[in-house]
Amino acid sequence: MSVSVADVLLDDDIVDRIMTFCSTFDTLRSTVLVSKAFYRIFQAHPKATYNIVGPALPQALRVIRYPYHEYTLDSLIAAACPEEPHPDVIPAEEEALLENSRVVAALEDVYSRTNKDNKSRTSVLSSEESWRFRRAMYRIMLYCKLFPHDRYENDEILDMDDERVDKIRKQRTATLDDYPTDELRELWSVLKFLVDIFNRVSVSEPNMISALLSTGPSGALRAWEARAYDVLEEDIDIMFLYEEDDDPILFQGYFSIPFQNIWTSRNTSPPKADDSASKWILDQVISANDTCSQCGAPGGLGLYTEANWDRLPITNLTSLLRNNLKANPIIINHFSGSTPHLLISDALGPFIGDLFALKTRTAPEFDNWERTGSYCWPCLNKFLEANTGYGCEYWIWVRILEI
């Protein structure tokens, strides 16, 4: 059979091959949406799904196939719907697989940028590193679906007695205890990365982290993209957590208690609190020894590059204006009124890129500063203050007012 696209006949097998070589979720999705005929072929040929999900497909399939609430015995929870080494994918599973794959791939990009190479916005993990990361992330996704944040009402959580909580904790322990020790350490590293996300997006209350983790990888991704965990209010009762002095008992040690139980039972040393999120995932950290392009100070992954400018610790761009500019209410009003969106989106990166483009109009001391460099915060802040000031007339009256 063949399909017609703009009067060009394409055999089904050719369309299938096109989809098979799609390397990203977005590319595959765009291809599938070309026509109803393409979508029909996609449903009939699941191989493209495997290429997108990758070798972590057994873990990804377990997430969507597991009969979450049917089992209550610890042994059944751990053994039900095992990870099949060579699974077949049926068409009805493809949409859920691809959506979860999109979440995991987006988180891998963030992980790569914050833990391996801060000069690339997309993942540069090796195939082995990516497999470890994705396998662990899908297992975390499964865990959070087994023990979801919204399974119980607030009153029910507050009324839980120790016996019931202990039963749930044993179920959680049994779920993680099914994995070998080396893969548990990988899971711990990826979990540390999710904790880092919640700590980065806002000054999270310590007693809220475990509860926020219960929203799973998708919750962490949404919080990262929104730069705040308030976007999870529909998933979890944020005010309920604020009102409690400690984590509600159901969330206390959501991951840490099962992990500790397993380390103890296996007589294995637990990871250290200050171990990095890269320890059991990455074979190499590309940016580990990077130094500031200007002052030479060591900074590693903590340096700022074009790939992470959008995450600069700036809360008010008017603070970058110099001297008399700050005292001019007309300039301040126009500048502050036109730039607040830069602080809560990826648009901050292009703003800083424009300043590098304008540096030829400023003081000669910045002639050798390049947008491709890596900078410590004191040096980059110095550059931003000087160039926002020198370029203020051009920037405000030409660039900002056109937004």
Exactly one of (1) part of a helix (DSSP H, G or I); (2) out of contact with any Cys (no Cβ under 7 Å at 6 or more places or on another chain); (3) surrounded by 14 or more Cβ atoms within 10 Å (Cβ to Cβ) is unmet by GLU306. Its number?
(1)
From the residues in the range 315-339 that are within 13 Å of ASN381 (Cβ to Cβ) and assigned to a helix (DSSP H, G or I), which one is modelled with the lowest pLDDT?
SER319
Just a yes or no: is a residue in the range 89-107 modelled with pLDDT under 80 and more than 26 Å from SER278 (Cα to Cα)?
yes
Please count how many residues of the range 292-337 are without any contact (Cβ under 8 Å) to a residue 60 or more places away in the chain, within 19 Å of ASN387 (Cα to Cα) and among the small types (Gly, Ala, Ser).
3
Count, please, the residues in the range 158-185 that happen to be more than 26 Å from PRO248 (Cβ to Cβ) and surrounded by fewer than 13 Cβ atoms within 10 Å (Cβ to Cβ).
3
Report yes if ARG134 is surrounded by 22 or more Cβ atoms within 10 Å (Cβ to Cβ) and among the charged types (D, E, K, R), otherwise no.
yes
Determine, yes or no, whether ALA288 is within 30 Å of TRP369 (Cα to Cα), of a type outside the set (Ser, Thr, Tyr), in a loop (DSSP other than H, G, I, E, B) and modelled with pLDDT of 95 or more.
yes
Out of ILE400, ILE344, ILE396, I need the residue that is more than 16 Å from THR305 (Cα to Cα) and at pLDDT 75 or above. Which one?
ILE344
Going by what's in this entry, would ILE330 be described as surrounded by 13 or more Cβ atoms within 10 Å (Cβ to Cβ) and either among the charged types (D, E, K, R) or not assigned by TED's automatic domain parsing to the domain that holds LEU184 (or both)?
no
Which listed residue is modelled with pLDDT of 95 or more, among the polar types (S, T, N, Q) and closer than 21 Å to GLU225 by Cβ, from SER123, SER189:
SER123
Can you tell me how many residues within the range 270-303 are surrounded by fewer than 18 Cβ atoms within 10 Å (Cβ to Cβ) and farther than 30 Å from PRO258 by Cα?
10
Would you mind stating whether LEU312 is more than 24 Å from the chain's Cα centre (by Cα) and closer than 18 Å to CYS379 by Cβ?
no
Boolean, ALA96 is among the hydrophobic types (A, V, I, L, M, F, W, C) and surrounded by fewer than 17 Cβ atoms within 10 Å (Cβ to Cβ):
yes
Among residues belonging to the range 347-372 that are more than 20 Å from ARG121 (Cα to Cα) and among the basic types (Lys, Arg), point out the one that is modelled with the lowest pLDDT.
ARG361
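The values are calculated or read from the model by the stated rules, or taken from the named source; none is laboratory data. Remember, predicted model here, so these are calculated numbers, not experimental data. Neighbour counts run over all protein chains shown; Cβ positions are idealised from the backbone, glycine included.
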